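Worksheet: the structure to be examined is printed underneath.
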Amino acid sequence: MPTNAVPAPQDDHFMGHPKGLFLLFMTEMWERFSYYGMRALLVLSLVAGVEAANPGFGWSQAEALRLYGLFTGFVYFTPLIGGWLADNYLGQRKSVIIGGLVMAAGQFTLAAAIPGNLSLFYAGLVLLVIGNGFFKPNISTMVGDLYAEGDARRDGAFTIFYMGINAGAFLAPLICSTLGEDPTYGWRAGYFAAGVGMVLSVIIQLVFANKYLGTIGVQPAAHRALAQSGGKKHPLTPEETDRLRVIFMLFVFVVLFWAAFEQAGGLMNIYANEKTDRFVGGFEVPAGWFQSLNPLFIVVLAPLFSMAWSRLGDTGKDPSTPRKMVLGLILTGIGFLAMVGAVYDQAANGKASMWWLVIAYFFHTTGELCISPVGLSMVTKLSPLRLASLMMGVWFLINFVANWLAGIIGSFAESLGELAIFSGLAVTLFAFAIILWFLSGTLVRWMHGAEDRSIA
């Protein structure tokens, strides 16, 4: 990383935010295009028959979902390591570039593995896991570093950043699934397109970071914190300990949310492919296209949610982070009630209407908007400077546990049936929402004023 970087000009703003935010927006957008493009293909290419017109690996549904859960779990475990390395040795900017290059190599390796080379396929997944560990926690931490402590724009910035994530996730299935599910091009073309997206992300960061980010992300956070403390290391204060306690307490509830939400790429993806009427006239909608519903809803709804939180804040009625997460759990549970409706529709008519999936993804999206960007912003508010990227890695560790659980939950669908899975998830989400509601007051007290404008 260049050592002659200069701070970004303080008046270099767009739409009321530093232009560096929109650089990070584009970097993350293409990285998410790459990841979600691969995700839309992973389970489908594994279960595709080896003798099919578009040959895959011929795995059973249960086998594919277990690997999906294991892979997506480790995708969110390695940010813990990557965050620590960035905080102490590499800095965020260098880590993002390393991670992007390794992930691009992983996508092209998956493309080369299709069809039939399972060892090479595993190697591609390992590269994606490693690369994501360097990339994921550090791009998010840099968003927080654009704003001074107490800057009221931070929550809005993460909402904008989250739109970038989902713009990439929206485009990815439309391109990668269209190519990958078409026997004319095949799975290889879909994975290759995902690799191209990752290359674009790296190029954008290399070309524009120095201009729009200045020194942000260049120096490891631990070094900055040491300089600010006069060269002396200090233990965590009681206030810092309480704030970290909040992060870990909310960990439990967000694990459940993501374990349910990640059925989208596994069980719900298979349900769309095998048990949903996807015909519109004479055109059959590719199953992977349903993966674009969530990010599309994010892009449409995120500004509305941001506006709602801001207006509530102006009147002193902005819900606290725990209360927003309560709402998120309830909305996600309603989405699974829609999937219960899909199961009954399928039982009555042979295949379920695709509108059940649309409704489910809508409510899952509203739940996500109450949990994910809110959680990212919370971590940057509550984490001590010297632990900033590490704690972001801890937050993503939630997804490691959740995706592992998601794969296990989805794998039981063949033995228990989709009705048991979908209804069980709905009931569990509602129960955890009630528990978190009663805990929210205590959690807000432990934040020690980090959300002074919020109500418990």
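Just so you know, all these numbers are worked out from the coordinates, no wet-lab data involved. Model, not experiment: these values are computed from the prediction. Neighbour counts run over all protein chains shown; Cβ positions are idealised from the backbone, glycine included.
With just the Cα atoms defining each centre, how far is region 94-110 from region 318-392? Give it in Å.
For region 94-110 versus region 318-392, the Cα centre distance is 29 Å.
Past 23 Å, Cα to Cα: identify those pairs from K324/K381; K19/K94; K19/K381; K19/K324; K136/K381, in the order given.
Numbers: K324/K381 16 Å; K19/K94 20 Å; K19/K381 21 Å; K19/K324 28 Å; K136/K381 18 Å.
Listed pairs above 23 Å: K19/K324.
What's the longest piece of the chain with no exposed GluC sites (Glu not before Pro), counting a site as exposed if DSSP puts it in a loop and it has at most 10 other beta carbons within 10 Å?
Working: sites that count: E51, E149.
It works out to 150-456.
Among rounded, prolate and oblate, which fits region 17-455 when a ≥ b ≥ c are the square roots of the eigenvalues of its C-alpha gyration tensor, a/c under 1.5 means rounded, and a/b larger than b/c means prolate? Provide the component values of the computation, followed by the final result.
Values: a/c = 1.90, a/b = 1.31, b/c = 1.44.
Judged from the Cα gyration tensor, region 17-455 comes out oblate (a/c at least 1.5, b/c at or above a/b).
How do L127, L329 line up, fewest other C-beta atoms within 10 Å first?
Values: L127 20, L329 26.
The most exposed by this proxy come first: L127, L329.
Between region 9-85 and region 293-308, how far is it from one alpha carbon centroid to the other, in angstrom?
Cα centroid to Cα centroid, the span is 20 Å.
Does anything in region 53-78 have its amide N under 11 Å from the 7 Å Cα→Cβ label point of E414, and if so which residues?
Output list for this probe position: 59-66.
For region 17-455, what is the relative contact order in percent, using Cα pairs closer than 8 Å and at least 6 residues apart in sequence? Let's see the in-between values first.
Numbers: 806 pairs, mean separation 116.6, N = 439.
Taking the mean separation of contacting Cα pairs over the length of region 17-455, I get 27 percent.
To make sure I understand the rule: partners must be aspartates and glutamates, Cα under 17 Å from the Cα of K317, and not fewer than 8 residues away in the same chain. Which ones qualify?
List returned: D155, E451, D452.
Through the Karplus equation 6.51 cos²θ - 1.76 cosθ + 1.60, θ set to phi - 60°, convert the phi angles of region 237-249 into ³J(HN,Hα) values in whole Hz; use x for Gly and Pro.
6, x, 5, 4, 5, 4, 5, 5, 4, 4, 4, 6, 5
Looking only at the chain, where both bridge partners belong to it, what percent of the DSSP beta bridges are antiparallel (to the nearest 5)?
Details: 4 of 8 bridges.
Percentage antiparallel, nearest 5: 50.
Helix 321-349: angle to the longest alpha-carbon principal axis of the chain, degrees 0 to 90, nearest 10?
The answer is roughly 0 degrees.
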